[in-house]
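What follows is one structure encoded as structure tokens, with my remarks underneath.
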Amino acid sequence: MNGKLVADEIKSRVRSEVEKHSKKPLLACVVVDGNKASDIYVASKQRACEECGLRSKVLRLSEDVTEVDLENELNLLNADDEVSAILLQLPLPSHLNSAHALNVINPEKDVDCLTDKNLGKLLAGTASFAPCTATGIIKLLLHYGVKIEGKRAVVVGRSLLVGKSVACLLEQRNATVTLCHSHTKNLKDITSQADILVVAIGRAKFVTAEFVKEGAVVIDVGINRIDGKLFGDVDFDSVKEKASYLTPVPGGVGPLTVACLMENTLTLAKRQLGKTVDNF
């Protein structure tokens, strides 16, 4: 499954819509220093903004920033009418409370849909947007004509950003969903029954062919760096012999996450202008 192809289509649609408006949406990324991977991710988001005709700015804070100072900076962005969307780059240093910081963000500018209010709407099925990676996974499945309704889906990993969110979106499309995690017993027995298997655990090549049902659709969300190379959570070489579809790493879910971030930024900007936005 070519995630870059689908991502390029999403960005093209965003760019076409942005070009119709004189005021371009602005994405503000807040980065706390200390994580080199965060710098790479933020740079890719800035490039995507340029491709889509969006404005972007990056607010860099020192690694030892206090919770109070972080909260103050987020509130300044909340109050700035020029800012359409706010992204707090995760993970944060251990002395900062991520859940608290995320909930400082105005839900109307919460581009990653991680405030309690927006997650509640997602769970209730009334959200007009969803976390970017989860959204990208659904768009990828739909692009390739993968039937979701009535299928058995297994999600390995229960983070808010990916696991719980994509499980929710799959359930809303009438899949029967099992959410697995580090305490799940007999994991292979469960994953080997999945028609759609989503893996997001951060363990390189953890899922091998014996975890996978013949003909399953396998979505690998993992990004693991080993000796300068990228590997997914799925052992691509063994699983590709059994899966009907399989996402590569890199080039699978990653580009879709960034593309859906652009789309979410546009969605928030339209809502702030009072324009109607369809539920996701």
**Request:** Go through the residues of region 207-228 one by one and say whether even a single one is under 30 Å from K109 (Cβ atoms), hydrophobic (A, V, I, L, M, F, W, C) and modelled with pLDDT under 95.
**Result:** yes
**Request:** Report the residue count in region 193-229 for those that are more than 16 Å from G157 (Cα to Cα) and among the small types (G, A, S).
**Result:** 4
**Request:** Can you give me the number of residues within region 141-168 that are surrounded by 23 or more Cβ atoms within 10 Å (Cβ to Cβ), part of a helix (DSSP H, G or I) and within 13 Å of the chain's Cα centre (by Cα)?
**Result:** 3
**Asked** Is it the case that S56 is surrounded by fewer than 18 Cβ atoms within 10 Å (Cβ to Cβ), out of contact with any Pro (no Cβ under 7 Å at 6 or more places or on another chain) and not acidic (D, E)?
**Response** no
**Prompt:** When only residues in region 6-45 that are surrounded by 16 or more Cβ atoms within 10 Å (Cβ to Cβ) and among the polar types (S, T, N, Q) count, which is farthest from the chain's Cα centre (by Cα)?
**Reply:** N35
**Request:** All but one of (1) touching a Leu at 6+ places or on another chain (Cβ under 8 Å); (2) assigned to a loop (DSSP other than H, G, I, E, B) hold for R203, so report the exception by its number.
**Result:** (1)
**Message:** Quick check on G120: is it at pLDDT 95 or above and either among the polar types (S, T, N, Q) or buried (at least 23 other Cβ atoms within 10 Å of the Cβ) (or both)?
**Reply:** no
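The values are calculated or read from the model by the stated rules, or taken from the named source; none is laboratory data. It should be emphasised that the depicted structure is a prediction, and the values quoted were computed from it without experimental measurement. Positions of Cβ are generated from backbone atoms using ideal geometry, with glycine treated the same way; all protein chains shown enter the neighbour counts.
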